[in-house]
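A short worksheet on the structure shown next.
The values are calculated or read from the model by the stated rules, or taken from the named source; none is laboratory data. All values derive from a computational prediction rather than experimental measurement. Positions of Cβ are backbone-derived with ideal geometry, glycine not excepted, and every protein chain shown enters the neighbour counts.
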Amino acid sequence: MSTTDTKTPAVTGTPSALQSEHGSTRIAETVVSKIAGLAAREVSGIYALGGGAARAFGALRERIPGGTTNASQGVSVEVGEKQAAVDINVVVEYGVSIADLAKAVRRNVISALERMTGLEVVEVNISVDDVHLPSEDDGKDEEPKKIESTSRVA
């Protein structure tokens, strides 16, 4: 009596694009948070990501020569072998429907992450930290006025 030896894949449970019999792929949390941050910023009605302190430090970093925008500002993630969960802090533009905006952000973040990483996104939690008012932009584009010294050295 002859038996054939067949190998079964070591991966059990739900198949994943990130795991196969040939190896596995690990996606770093920084990668997931950058993708989520960029996807959230693409949604019309999002003014900024992050809380007040994070935005202040981000604004300073952008003004430094050679400084760059932190794509993952305001985003925290948990990444497992097959799944990811995302928390995003946002500032919304005044006048937009926050419920509709949150739905659009979730849809865009989930779509981008699942397409780019192959991870299943189990949740996207959104915290609205502030509302940006149009009047807050007044005067930001103006050059600071120069003050001339009136004292003279004799």
**OP:** Name the residue, out of A39, A53, that is modelled with pLDDT of 90 or more and either over 29 Å from P134 (Cα atoms) or out of contact with any Leu (no Cβ under 6 Å at 6 or more places or on another chain) (or both).
**Re:** A39
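When you look at G45, is it surrounded by fewer than 20 Cβ atoms within 10 Å (Cβ to Cβ), under 15 Å from V131 (Cβ atoms), modelled with pLDDT of 95 or more and within 17 Å of the chain's Cα centre (by Cα), yes or no?
Working: surrounded by fewer than 20 Cβ atoms within 10 Å (Cβ to Cβ): yes; under 15 Å from V131 (Cβ atoms): yes; modelled with pLDDT of 95 or more: yes; within 17 Å of the chain's Cα centre (by Cα): yes.
Yes.
Would you confirm, using the coordinates I've provided, whether V79 is surrounded by 17 or more Cβ atoms within 10 Å (Cβ to Cβ), modelled with pLDDT of 80 or more and touching a strand residue (DSSP E or B) at 6+ places or on another chain (Cβ under 6 Å)? Let's see the steps before the verdict.
Values: surrounded by 17 or more Cβ atoms within 10 Å (Cβ to Cβ): yes; modelled with pLDDT of 80 or more: yes; touching a strand residue (DSSP E or B) at 6+ places or on another chain (Cβ under 6 Å): no.
In short, no.
Take G13 and tell me if it is more than 27 Å from L101 (Cβ to Cβ) and at pLDDT 65 or above.
no
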Original post:
Can you name every residue in segment 71-125 that is among the small types (G, A, S), assigned to a loop (DSSP other than H, G, I, E, B) and within 17 Å of V32 (Cβ to Cβ)?
Top reply: A71, S72, G74, G80, G118
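Do you know which of the residues in segment 121-138 that are touching a helix residue (DSSP H, G or I) at 6+ places or on another chain (Cβ under 8 Å) and under 10 Å from A85 (Cβ atoms) is surrounded by the fewest Cβ atoms within 10 Å (Cβ to Cβ)? Can you show your working first?
Kept after step one, since they are touching a helix residue (DSSP H, G or I) at 6+ places or on another chain (Cβ under 8 Å), are these residues of segment 121-138: 121, 124, 126, 128-130.
Those still in the list that are under 10 Å from A85 (Cβ atoms) too: 121, 124.
On the way: V121: 20, V124: 23.
For segment 121-138, the residue satisfying everything is V121.
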